[in-house]
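The values are calculated or read from the model by the stated rules, or taken from the named source; none is laboratory data. All values reported here derive from a predicted model rather than from experimental measurement. In this analysis, Cβ positions are derived from the backbone assuming ideal geometry, glycine residues included, and neighbour counts consider all displayed protein chains. Side chains are part of the model used for accessible areas, which takes the heavy atoms of the whole protein and leaves out ligands, DNA and RNA. Shrake-Rupley method; radii C 1.70, N 1.55, O 1.52, S 1.80 Å.
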Amino acid sequence: MSSYFANSKDFAINKLTVNNYISEGDALQYLHKHSATSAMHDSEERYPPPLCHEGTRDVIISRIEGWYGFEIPPEKKIMWVHAPAGYGKTAVAGTVSKKMESRTDLDFNPVGATFFFWRTSPECNSPARFIITLAYQFTISIPELAPHIESAVKQNPMVLSKALEVQLMRLIVEPFKSLGRVSNMPHRLVIIDGLDECINSDQQSRVEKQYAEDQERVQVRVLELIRTLHSHDLPLCFLILSRPEPWIKRHIESRSFQPITETLDLYQVGDHMKDVEKFVRDELARIAESLDPQPGDDKEWPGEDIVEEFLWKTGGHMLYAATVIRHIDDPYENPCQLLQDILMDDLHSTQNLSHSTPFSSLHELYRQILRSCPPKNRVTMVSVLEELLAAEDEFQYGEKVHPAFNILDRLSGRPPGHGIRALRPLHAVIRLSNNAAESRNHSLFLYHSSFAEFLKDQPQPLPDVTINIEKGLSRVLAGCLKAMSAITMDGQPSSKTYSRIFDLQWMHAFGMS
């Protein structure tokens, strides 16, 4: 190499600056320099990190700790924890990391490495530094591994610019093998959060219609890296947290993954309403302590009625509760009035709410989800969302999702199934499974009511997406009239639904309800 680059010192490959020579003792610093340090659970960039409120998510965390086993490795060394947007997956991952690192009854650090993918960070939304970052953390959490990883970097500094699969072998697998017998080593936990936020922005296609395919490929590639590490029988366990994206779910349920993976549905585990109640009561009590007593007010705020109404409005969703708490916890405003405005659904206060800092991050999340819908499907997506928002209250909890979407398709003249297919990219916020909604939820279609509020308050969430609920209402009413006029004496199975939708929406349209 020196004959061709006699005067060279540094040169760039794939956006990583690589030295062609590393002096003694510099290898680990060099590895650190090229790691995505902001992706680590305790990084400065993530401070303060999202954590579960004390006394909440205990069942979920216990399940994860029970699977890991600490000194006894689990039979299945990969656990996939999944849930829709807003169910606190990152907080769970952060809490597990913190709790395990704080254990004083162990003579080793159970957390081997962490990587928190982060959609808006170029360093953390790409897999380019994924293996390098894990390897660097192993030099700290597993000290006996450090000299072998250091040696690998010294022998070939350009390994940091190689394919991820090559990095995996040179920086992790081979150093572990160099230790000899590893079966007696304590197994460490590798926590990978937000796999669905790995979007490979450095190499993102400029053609928008290819974006979804690029995203799928890179996320599946990360899963394959994890499976490869597992296949070498290293003393490592892997905790993966993500949304249940179809391609992630499909790959984890494949023949190569299913036998080695424990799956945990965050939505189905634990008592969400109990957790939210604990959080809400604690936070309202904290805010109440900072309030000055009001003259003539002998009743302590917030009072049980307000607490119960707030809890009902959350629907058991921590995201909504936490966002509202952040909104009302404003030293320059009246928390009592802010909360009352939210509970009363006042139009003016809702508009203020949509522009507040706490809600801006939630709304940006919803915009990101909307952007994931391919442009060719967006016209249909908009139509279905308009109809869903116009008619959602008229579908009863006991009904099932697929038949309900089929009714909307029929009312709007779409072939059956087209509506639900157009909404598939929105499955993190729209319920697309064919199970009846649980009674604790307020909507047959929506996981979270704030998504509907977002669309109503910001009818043009994207430049090419405009939501007009009145148009949806007109289509639903016209479809009901047409369907009811075609009902024969024998009736149709869904005629009662058509009639109910028509009656209620007709009253709504003319201000009679």
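Observations
- Selected residue (criterion: surrounded by the most Cβ atoms within 10 Å (Cβ to Cβ)) from residues of the stretch 3-59 that are among the polar types (S, T, N, Q) and modelled with pLDDT under 60: Asn19
- Any hit, the stretch 117-131, residues being acidic (Asp, Glu), open to solvent by 20 Å² or more (accessible area, probe 1.4 Å) and free of Cβ contacts under 8 Å to residues at least 12 places away in the same chain: no
- Meets criteria (in a loop (DSSP other than H, G, I, E, B), crowded, with 16+ Cβ neighbours inside 10 Å and touching a Leu at 6+ places or on another chain (Cβ under 9 Å)) for Pro302: yes
- Restricting attention to the stretch 222-277, the residues that are in a loop (DSSP other than H, G, I, E, B), open to solvent by less than 60 Å² (accessible area, probe 1.4 Å), within 18 Å of Ser433 (Cα to Cα) and out of contact with any His (no Cβ under 6 Å at 6 or more places or on another chain) add up to 5.
- The residues on offer are Ile430, Ile420, Ile407, Ile342, and the sole one that is at pLDDT 85 or above, of a type in the set (Val, Ile, Thr), over 30 Å from Gln215 (Cα atoms) and open to solvent by less than 50 Å² (accessible area, probe 1.4 Å) is Ile407.
- The stretch 459-477, residues that are small (Gly, Ala, Ser) and open to solvent by 60 Å² or more (accessible area, probe 1.4 Å): Ser474
- Exclusive hit being out of contact with any His (no Cβ under 7 Å at 6 or more places or on another chain), surrounded by fewer than 23 Cβ atoms within 10 Å (Cβ to Cβ) and free of Cβ contacts under 8 Å to residues at least 12 places away in the same chain, set Pro157, Pro147, Pro186: Pro147
- Restricting Lys456, Lys482 to those that are of a type in the set (D, E, K, R), open to solvent by 70 Å² or more (accessible area, probe 1.4 Å) and farther than 18 Å from Leu362 by Cα reduces the list to Lys482.
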